[in-house]
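Comments concern the structure below.
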C-alpha cells in the first residue's frame, strides 16, 4: 500500500530503518537456515576456515561496487581475471594456447560450452539443423538446461555398474548430428570420475569436442594427485579434451559467484562471445552470459588462490582424503549400507544393499537429528559433499547413522511416514512429465504471491500419491 509507512513484507518504508536494527533482523532471518557453520550440512557451502571467510569478505568488499562489464574501465578486474584463468589453465596442465573466462558459477560454466559448441558447429557444419550433445545420466542438469535454452538436444546415456559413463553406450548414440560429448571429473551424484581418456579417444575419432565437467573436482583433484593418490587422467593432458569447467567457489574456496570455463584454444572460446555493433547505445560486447559482472567475486577468487597457495591446497587435499576415508570406512561398517562406486575424495553417495531398508527413511531420521540430508534417486541413496571441517563431526554422524539404520529396520513402516514416501514415490513415479509439470508449479508459487511453495513438496496430485502409497505397501507386504 503506497503512502503508509510499514515494515511488512513487500513494502519499502517511507523512512529508512535503523541499520543496526536491520542487521539484527538479517541475523534473525538466517536462524532458520541450515546449520552449515556446525558442519551439519553436506552441500551448498564450501568453507576452508573462519579466518579465510573473513579474508574473502574484505577482498570482496574492496571491489563491491565494481563491474567487469567494461574491462577498459576496471583494468584491475581484467588483470585479476586473466591471472585466475592462467592459474586454472596451469593447474589443469593446459599449455599457453588454453584460454577462458570467469563465470558466475557452475551452471554458467556448463551453459557456455553448450552454446560455444553449437555456434562452432553452425560455423563448421551448417547442414546440422538439430545439433546433439551426448552426456551420461550422471551429468549435471545444467547441461539439460543449456540444451533447452540453446535448442541443442542433450542425449542421456546409461552408466556402467560402477556409476561411470558407459563409453560403448555413448559410441552407439553418436550420429551425424553429434557436436560434442561430456564427461565428469567427478560427477555430482556419485563422486566418481568418468573414463575421460576413452571418451576423448572417441571424440577425436569423430572430430567432435569433449567437455569435462570438473566444477566439483577442478580445484581438488589436481592436489589430491600431487599428494600421492593415483587418479585417472582427465584434464588437458588428455588429447581430445577441448574444454573444462571448474568452480572456484567450491574447492577453490572463493566467495560465491565464481567459476571458470577454459578451452584448449581460441578456436573454441570465440564461439561463446557476443557483440552488437548496431545498437543506438553504442557497441556492446560480452564474453559470457551476463552483462554486469560483480568485481567482488573476481577479486575474492584471485585473493583466495593467492592466499591459500600450493602448500595450503596440499594440506587441504590431505585433510580431504582423511575425512573422506573416515566416512567411507564408517559407512561400509554399517550393514547393509554401501558406498556407490569408487569415489576418490570429497563427494560420495551411499545406499542399502537390502532393498527392504528405505534409504529415504534413514534420511528422515538423520534430519530429525539435525543433519541437512540430500537424497538421490536411481538408486535410492544419501549424498555427501565433504569439507575439511567435517572431520569434527564424523563420529557423531556415524553414530546417528547407525541409530537410523537400526530404527528403520525395527520400524518397516518408516518408509511410509514423514517425507520418505514422498521422495520414494517421486523417484518411482511412472509419469515423469507429470512430476516435472508439478515441480514447475511449485517454482511458480515460489515466485508469485500465492505462497512460498515450500509446503507443496509432493509435486504429485493427491490421487496418484494415494495409489502409489498403496502399491508401495503392497509391494513390501508381498516381498516385491
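The shape of segment 140-289 comes out oblate: with a ≥ b ≥ c from the C-alpha gyration tensor, a/c is at least 1.5 while a/b does not beat b/c. Over segment 235-385, what portion of Cα pair distances is larger than 23 Å, expressed as a whole percent? The proportion of pairs with Cα distances above 23 Å equals 60 percent. Applying 0.36 nm per residue to the separation of residue 171 and residue 27 and subtracting their alpha-carbon distance, the gain on full extension is 46.6 nm.
Note on residue 49 and residue 315: their simple-model spin labels are 0.5 nm apart, each label 7 Å out from Cα toward Cβ. Remark: the Cα gyration tensor places segment 268-351 in the prolate category, a/c being 1.5 or greater and a/b exceeding b/c. By DSSP, the beta bridges lying fully in segment 153-250 are antiparallel in about 10 percent of cases.
Counting other C-beta atoms within 10 Å, which of 283, 261, 393 has the fewest, and how do the rest follow?
283, 393, 261
Of the beta bridges in segment 79-214, as assigned by DSSP with both residues counted there, near 5 percent are antiparallel. For segment 61-304, DSSP calls about 50 percent of its internal beta bridges antiparallel.
Simple spin-label estimate for residue 378 and residue 325 gives 3.4 nm between the two label positions (7 Å along the Cα-to-Cβ direction from each Cα).
Report note on the peptides 401-407, 302-308: ranked by the mean count of other C-beta atoms within 10 Å, highest first, their order is 302-308, 401-407. Once the Cα-Cα distance is subtracted from the 0.36 nm per residue extended length, the residue 440 to residue 396 segment shows a gain of 12.1 nm.
For the pair residue 125 and residue 283, a Förster radius of 30 Å applied to the C-beta separation gives a FRET efficiency near 0.50, rounded to the nearest 0.05. Look at 179, 385, 128, 134 and count the other Cβ atoms within 10 Å of each Cβ; fewest to most, that gives 128, 385, 179, 134.
So for segment 1-127, averaging the separation of alpha carbon pairs under 8 Å that are six or more residues apart and normalising by length, what relative contact order in percent results?
8 percent
Checking the a/c ratio against 1.5 first, then a/b against b/c, what shape does the Cα gyration tensor give for segment 35-139? Here segment 35-139 falls in the oblate category.
Relative protection proxy for 45-58, 233-246, 111-124, from highest mean packing down: 233-246, 111-124, 45-58 (other beta-carbon atoms within 10 angstrom).
Each of 365, 150 was scored by other Cβ atoms within 10 Å of its Cβ. Listed from fewest to most, they are 150, 365.
Values quoted throughout were computed directly from the atomic coordinates according to the rules given, and no laboratory measurement underlies them. Note that the coordinates shown come from a computational prediction; the quantities given were computed from them, not determined experimentally. Reconstructed Cβ throughout: ideal geometry from the backbone, glycine too, with neighbour counts over all protein chains shown.
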